[in-house]
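Reviewing the structure listed below.
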Amino acid sequence: MRTRHTSRTRAAVVGAALALTLAACGGGSDDTPDVEVAESPEFEAGTTMAEIAERGTMTIGTKFDQPGFGLLNLEDVPEGFDVEVAKIIAGAMGVAEDDITWEETPSDIREQVIEDGAVDMVVATYTINEERAERITFAGPYYVAGQMLMVNADNEDITSPEDLASNPDAKVCSVTGSTPAENIQQYLANPDQLVLFDVYDKCADALSNGQVDVVTTDNVILAGFVSESDGEFKLVGEQFTEEPYGIGIEKGDVAFCEFINETLQENEDAYLEAWEATAGQVEGAETPELPEPAPCA
């Protein structure tokens with residue numbers, strides 16, 4: 001298994017401190033479910049599945065800074081729910097985890113790496129929306145999250161997104177190219193309130209050292225940061241969006257999209273086991289139901 005960084009983050013350092021019991025490369029945690037790898041699978045000639053099965057390798061984009069979903073471990077390898085979902089799909093094409101190259105894909109480059117052919121697919125807390133679907137095709141959704149706010153534990157001023165306008169000096173951190181960064185703008189008193197980084201680790205650091213007052217992204221991601229903050233951070237308010245996570249692939253590859261959807265539906269037990277071994281370890285995480293997939297286009 002190989003890991004490629006598009007930009008070096010401090011996720012590897014954070015991974016050393018996190019207590020989440022997540023999948024590890026080359027055998028992994030005892031709690032990580034084994035992924036079934038198909039032997040000599042056959043696919044229609046000319047399809048993406050046939051091409052991948054023939055070469056026996058994959059390059060998959062994911063994030064390296066998302067506790068519970070995609071975070072580098074002590075061996076500098078990503079682990080989490082997104083990683084395990086990707087392994088299930090790869091295994092159905094006969095690709096074992098040791099034959100996967102993981103490409104770091106922060107929010108602002110996900111469409112680009114798919115369009116460039118740098119990856120076979122992206123599984124990276126990737127919200128399905130119309131703008132992105134103009135450039136790539138989404139399989140799924142495989143999970144539905146919701147946006148929330150994270151603040152320091154002693155912050156009593158911000159309890160909902162509506163409080164941001166009445167606290168115009170409050171700085172709100174999110175990630176460039178992300179859906180949460182777009183969603184939060186309608187609640188701000190002025191554009192200067194929004195601070196953007198390339199990865200969420202930097203937002204968490206900025207919250208810790210007082211550079212920002214709020215971090216906003218999806219609830220499950222924030223819950224991971226809260227659970228590992230030793231009481232420093234807390235979530236406030238209710239989720240105020242729905243964020244269906246999809247798997248990004250080349251635009252118009254309907255056959256591959258349908259294969260991914262069918263694979264997940266046929267491996268729901270493995271999907272649930274993957275959740276319980278990764279994001280499900282975060283305090284307060286609820287076991288999801290695998291959503292019905294949307295039509296491929």
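If we only count helices (runs of 4 or more DSSP H) wholly inside region 59-150, which ones have 3 or more residues that are among the charged types (D, E, K, R) and buried (at least 24 other Cβ atoms within 10 Å of the Cβ)?
Fully inside region 59-150 and qualifying: 81-92.
Looking at Glu242, Glu238 in this structure, which one is within 30 Å of Glu262 (Cβ to Cβ) and out of contact with any Pro (no Cβ under 8 Å at 6 or more places or on another chain)?
Only one candidate qualifies: Glu242.
Taking the stated definitions as given, is Gln239 more than 29 Å from Thr48 (Cβ to Cβ) and either without any contact (Cβ under 8 Å) to a residue 40 or more places away in the chain or touching a strand residue (DSSP E or B) at 6+ places or on another chain (Cβ under 7 Å) (or both)?
yes
Checking Pro67 against (1) modelled with pLDDT under 95; (2) more than 15 Å from the chain's Cα centre (by Cα), which single condition isn't satisfied?
(2)
Determine which member of the set Val212, Val220, Val226 is closer than 27 Å to Tyr126 by Cβ, buried (at least 17 other Cβ atoms within 10 Å of the Cβ) and in contact with a Cys (Cβ under 9 Å, 6 or more places away or on another chain).
Within the list Val212, Val220, Val226, the selection yields Val212.
Here is a yes/no grid of residues against (1) among the small types (Gly, Ala, Ser); (2) outside the structural domain of Ala270 (by TED's automatic domain parsing); (3) within 12 Å of Ile247 (Cα to Cα):
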| residue | (1), (2), (3) |
| --- | --- |
| Gln66 | no, no, no |
| Gly70 | yes, no, no |
| Glu75 | no, no, no |
| Pro78 | no, no, no |
| Val122 | no, no, yes |
| Glu134 | no, no, no |
| Phe138 | no, no, yes |
| Ala153 | yes, yes, no |
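Look through Thr287, Thr263, Thr241 and report the one residue that is surrounded by 14 or more Cβ atoms within 10 Å (Cβ to Cβ) and either under 21 Å from Gly68 (Cβ atoms) or touching an Asp or Glu at 6+ places or on another chain (Cβ under 6 Å) (or both).
Going through Thr287, Thr263, Thr241 in turn, just one is surrounded by 14 or more Cβ atoms within 10 Å (Cβ to Cβ) and either under 21 Å from Gly68 (Cβ atoms) or touching an Asp or Glu at 6+ places or on another chain (Cβ under 6 Å) (or both): Thr241.
Name the pairs whose Cβ atoms lie under 9 Å apart, with the first residue in region 103-115 and without any contact (Cβ under 8 Å) to a residue 60 or more places away in the chain and over 17 Å from Val83 (Cα atoms), the second surrounded by fewer than 21 Cβ atoms within 10 Å (Cβ to Cβ) and basic (Lys, Arg), and 6 or more positions between them or separate chains?
These pairs meet every condition: Gln112/Arg135.
State yes or no: is Thr216 outside the structural domain of Lys87 (by TED's automatic domain parsing) and assigned to a loop (DSSP other than H, G, I, E, B)?
So Thr216 fails the test.
The values are calculated or read from the model by the stated rules, or taken from the named source; none is laboratory data. Every value quoted in this text rests on a predicted model; they were computed, and no experiment measured them. Ideal geometry is used to build each Cβ from the backbone, glycine not excepted, and the neighbour counts take in all protein chains shown.
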